[in-house]
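Student: Got a structure for you, questions after.
Nothing in this text is a laboratory measurement; each read-out follows from the coordinates by a stated rule. This structure is a prediction, so every number in the text was calculated from the model and none was measured. Here the Cβ is made from the backbone with ideal geometry for all residues, glycine too, and neighbour counts use every protein chain on show.
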Amino acid sequence: MTRRQRKAPVLDKASRASPAGAPPAAMTRAAATPTKPATPVTPVTPVASGKPATGKTASASHTPNQHHGLRPAATPMAGASARPTGSTAPRPVTPKGLARPASAPHAQPAPHGAGQTVKTAPRPVQGKGLAAPVKVSTGNTARHAKPVPVPSPDGIGLTSERVRGRMAERVAASGVKHAGVLAALATVPRHGFVDAGLANQAYEDAALPIGHGQTISKPSVVGRMIELLLASGRPLEKVLEIGTGCGYQAAVLSCVARDVYSIERVRPLHERAKANLRPLRVPNIRLHYGDGRLGLPAVAPFDGIVIAAAGLEIPDALLDQLAVGARLVAPVGGEQQILTLIERVGTRQWRETQLDRVLFVPLKSGII
């Protein structure tokens, strides 16, 4: 009989690499996946401090060695540190008093005052004609678009002919009936002769301040005075206005007269009237800076004279510059003023008629 010899169990090289006195590594069944030939492993010498030596490791891919479907379990070697030595980076220690850095890349710290209640300013009330600024989002930023014009509720603006037409209708209701005068009032844009802050009141039948103690006359008064000039039936070839002011009455006169001459004694108002009339490009208005009480003898006689200020009496110079058969209309008086009509009926004869109670600025001499 031949004695059977017991074969010793075959251990892989990893088990043989265990240091002296250490038990062989426990073996576990591997998953049913294709295996690769075992790769020789360089023995690792334990260090007394518990840290592994810095020699070369088994393989660059860190793939566990396998043999016959078995693989070594993750059992620490004798004498080695109990702390696992995997590829996980050590967790940084955060000192007390500092915030932990955000885990997401490019994360920004919380803004100052986060979590607190923020008071929002009340939204301003928008004026008529402009909508509230539109907030447009573009990415992470926001910008305010330009205000969008919004039409008035009734679709009427200051430049609309309907606004001027309605003003002319109110003037007609006050007693002015001349078709040419009403058409002139419906043509001239009155809001262009007042301050921007008073533009919304431009087409009301009211006198408005224009600075330097002067006013723009009510549309009904302007229409009434011009209608009195035309009532005689005499064509208005040349008309003289005393007190240009902002230039509005001169613009209305230019619609019914061939030539309009206007005098203003206040230099800033004279310049303002020129600026107001320039956009209208009225060719038949001639503005003069001077003392209106003296008139314009070089241009006389006139077919009509309108005085836009109240004196205690009509200056003789202006009566002399009125053509025979022509008319002069002016307020006369101090605290109590009466709209007065003067007609020249002969070379040395004038006829006076008192009409309506009015209120004008005083007529003064000189220039400023």
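Student: ³J(HN,Hα) across segment 230-239 via Karplus (A = 6.51, B = -1.76, C = 1.60, θ = phi - 60°), whole Hz, x for Gly/Pro?
Tutor: Result, ordered by residue: 7, 5, 6, x, 7, x, 8, 7, 10, 10 Hz.
Student: Using per-residue counts of other Cβ atoms within 10 Å, averaged over each peptide, order 175-188, 351-364, 292-305 from highest down. Don't jump to the answer; show the numbers that get you there.
Tutor: On the way: 175-188: 17.5, 351-364: 14.9, 292-305: 19.2.
Per-residue Cβ counts within 10 Å, averaged per peptide and sorted highest first, yield 292-305, 175-188, 351-364.
Student: Roughly what would the spin-label model give for residue 323 and residue 271, points 7 Å off Cα along C-beta, in nm?
Tutor: The two pseudo-label positions are separated by 3.6 nm.
Student: Continuing with the same structure: Could you list the square roots of 5 times each eigenvalue of the Cα gyration tensor of segment 225-368, that is, the equivalent ellipsoid semi-axes, sorted largest first and rounded to whole Å? Walk me through the numbers before you get to the answer.
Tutor: Values: eigenvalues 96, 64, 39 Å².
Semi-axes, largest first: 22, 18, 14 Å.
Student: Using 7 Å Cα-to-Cβ label points, what is the residue 237/residue 281 separation (nm, one decimal)?
Tutor: 2.9
Student: Hull surface divided by four, with the convex hull built on the Cα atoms of segment 171-239: how many nm²?
Tutor: Approximately 5.4 nm², given one-decimal rounding.
Student: Determine one quarter of the surface area of the Cα convex hull of segment 178-285, which equals its mean projected area, and express it in nm² to one decimal. Walk me through the intermediate numbers first.
Tutor: Working: hull surface 25.2 nm².
Result: a mean projected hull area of 6.3 nm².
Student: Between residue 162 and residue 294, what's the calculated FRET efficiency when r is the beta-carbon distance and R0 is 56 Å? Round to 0.05. Spell out each step's value before the answer.
Tutor: Values: r = 42 Å, r/R0 = 0.75.
E between residue 162 and residue 294, to the nearest 0.05, is 0.85.
Student: Nearest-5 percent of antiparallel DSSP beta bridges in segment 206-354? Show your work: numbers first, answer last.
Tutor: Values: 16 of 35 bridges.
Counting only bridges with both partners in segment 206-354, antiparallel ones make up about 45 percent.
Student: Once the piece of chain linking residue 200 and residue 212 is laid out straight, how much longer is it, given 0.36 nm per residue of separation minus the C-alpha distance between them? Spell out each step's value before the answer.
Tutor: Numbers: separation 12, 0.36 × 12 = 4.32 nm, distance 2.12 nm.
Length gained, residue 200 through residue 212: 2.2 nm.
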